[in-house]
Amino acid sequence: MNRYDFDSVTDRRSTYASKWDIGENELPMWIADMDFRAAPEIREAMQKRLENGIFGYTDIPDVWYEAYQYWWRTRHDFEIRKEWLILTTGVIPAISSAIRKITTPAENVLVQTPVYNIFLSTVRNNGRNVLENRLVRRDGGYDIDWEDLEKKLADPQTSLMILCNPHNPVGKIWNAQTLAKIGDLCDRYGVKVISDEIHCDITDPGTSYVPFASASETCARISVTCIAPTKCFNLAGLQTSAVMVPDPFLRHKMWRCLNSDDIAEPNAFAVDATVAAFTKGGAWLDAMCEYTYENKEIVRDAVAAHLPGIRVTDSEATYLLWLDCSALTDDTSELTAFLRKETGLILSRGGQYGSGGEAFLRLNAACPRTILEDGIERLIRGIKAYQDKER
């Protein structure tokens, strides 16, 4: 029997939660955070810190480094040296800071679309050009267009690639051979890599991700890896993450930019929550991954049974589902608006994830089963109403 409770529903409407700042009868299944309470081991550590009652400036102790090292060694068979780690308040702040330090204005930053939409806005907001290497949809999943990737990396104006590993929103786990090939191409053309690995621990049972830096010595030398307990343990609001940089020269650049931007100091709860997650949270994480995998399977079965016009993308990671609606529309902007108006269901429109995402919806399945069932019912009802409207 599972000792963790993922079925109980927690009311988040009164907590200023971005996900739940919506209408009374609306149901959010869009933004990528979970509707599960954090692991009890983490809450106990935070409660102990809370009881101290003073929340002043916080140092980064050895146990913080050791927690990251322990987790990646035992979960991912990868040894991280202490000096490779730098604390930062978040993955996106770190990426934004790195863009400004590693590249110059008007240079190209390559991303593999469809991809997490904030990559696109962060690149543009920092005065750089988004260069899209569009993933190829094949046999219900995705592959890399290698010819296009090399062509765009070879552009002298391309100085940085942001890799999503595992990939959000398509749920792809890149294998070691693929990562090593990416690393070799980037090195050949003088392109550095930022590997966003925040979803790395949310994988289907029996699968695991490969750290980019572990794929080859080249990958380690040219890369900055962004890691955190925030996505897999549902701690995004605590603003606690890290960059892992094996190369000393690149690491010095990252240390300089993170400290210049003042995003390298922890809040009063960041250390305790991280240490508890990585040293005591493994059983909770395994149970959560099993539960969300079952949720994803429930969605797949319901879509197959009731919505033959929609195809669920094959995936191995994340708690997100990428729904192919190309049989209904070539742009889901109107569809998402219709679903929200008619049923209250809020999903992410695929077009915001860049080229190749326009005909898709993204659905977050990390929620108690009763919420999931409500969402499925709204999805089926809404899609059928949309089809009737289009006839």
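The values are calculated or read from the model by the stated rules, or taken from the named source; none is laboratory data. All figures in this text were calculated on a predicted structure; none of them were measured in a lab. When we count neighbours, we look across all protein chains shown, and the Cβ atoms used for this are built from the backbone with ideal geometry, even at glycine. To get the accessible areas, we keep the full protein, side chains included, count just its heavy atoms, and leave off ligands, DNA and RNA. Shrake-Rupley method; radii C 1.70, N 1.55, O 1.52, S 1.80 Å.
Worth pointing out:
- Filtering segment 293-302 to residues that are closer than 15 Å to Arg362 by Cβ, touching a residue at least 40 places away in the same chain (Cβ under 8 Å) and either of a type in the set (Val, Ile, Thr) or open to solvent by 40 Å² or more (accessible area, probe 1.4 Å) (or both) leaves only Val299.
- Test result for Gly375, crowded, with 19+ Cβ neighbours inside 10 Å and either over 29 Å from Cys232 (Cβ atoms) or in contact (Cβ under 8 Å) with a residue 12 or more places away in the chain (or both): yes
- Among the residues making up segment 350-372, those that are surrounded by 21 or more Cβ atoms within 10 Å (Cβ to Cβ) and either among the aliphatic types (A, V, I, L, M) or assigned to a helix (DSSP H, G or I) (or both) are Gly350, Tyr353, Leu361, Leu363, Ala365, Ala366, Leu372.
- Only a single item in (1) out of contact with any Phe, Trp or Tyr (no Cβ under 7 Å at 6 or more places or on another chain); (2) open to solvent by less than 10 Å² (accessible area, probe 1.4 Å) is not met by Asp262, and it is number (2).
- Residue count for segment 79-89, restricted to those that are part of a loop (DSSP other than H, G, I, E, B) and open to solvent by 10 Å² or more (accessible area, probe 1.4 Å): 3
- The residue of segment 2-19 that is nearest to Arg349 (Cα to Cα), among those that are in contact with a Ser or Thr (Cβ under 9 Å, 6 or more places away or on another chain) and surrounded by fewer than 18 Cβ atoms within 10 Å (Cβ to Cβ), is Val9.
- Restricting segment 125-154 to residues that are of a type outside the set (Gly, Ala, Ser), closer than 15 Å to His167 by Cα and part of a strand (DSSP E or B), the residue that is least open to solvent (accessible area, probe 1.4 Å): Tyr142
- Pairs where the first residue, in segment 117-134, is without any contact (Cβ under 8 Å) to a residue 24 or more places away in the chain and the second is among the charged types (D, E, K, R) and open to solvent by 20 Å² or more (accessible area, probe 1.4 Å), C-beta under 6 Å, 6+ apart: Asn133/Asp148; Asn133/Lys152
- Whichever residue in segment 311-349 is aliphatic (A, V, I, L, M), over 20 Å from Ala366 (Cβ atoms) and in contact (Cβ under 8 Å) with a residue 12 or more places away in the chain and, among such residues, is surrounded by the most Cβ atoms within 10 Å (Cβ to Cβ): Leu335
- Note on segment 244-279: residues that are more than 22 Å from the chain's Cα centre (by Cα) and in a helix (DSSP H, G or I) amount to 12.
- Residue in segment 148-168 that is of a type in the set (A, V, I, L, M) and touching a Lys or Arg at 6+ places or on another chain (Cβ under 6 Å) present: yes
- Exclusive hit being open to solvent by 10 Å² or more (accessible area, probe 1.4 Å), under 19 Å from the mean Cα position of the chain (by Cα) and on the phi < 0 side of the Ramachandran plot, set Pro205, Pro169: Pro205
- Residue in segment 102-112 that is in a loop (DSSP other than H, G, I, E, B), closer than 21 Å to Cys164 by Cα and either open to solvent by 20 Å² or more (accessible area, probe 1.4 Å) or among the acidic types (Asp, Glu) (or both) present: yes
- Checking Ile54, Ile92, Ile31 one by one, the residue that is of a type in the set (Val, Ile, Thr), in a helix (DSSP H, G or I) and open to solvent by 20 Å² or more (accessible area, probe 1.4 Å) is Ile92 and no other.
- Ile198 being among the aliphatic types (A, V, I, L, M) and touching a strand residue (DSSP E or B) at 6+ places or on another chain (Cβ under 6 Å): no
- Boolean, Arg43 is touching a helix residue (DSSP H, G or I) at 6+ places or on another chain (Cβ under 8 Å), free of Cβ contacts under 8 Å to residues at least 40 places away in the same chain and open to solvent by 80 Å² or more (accessible area, probe 1.4 Å): no
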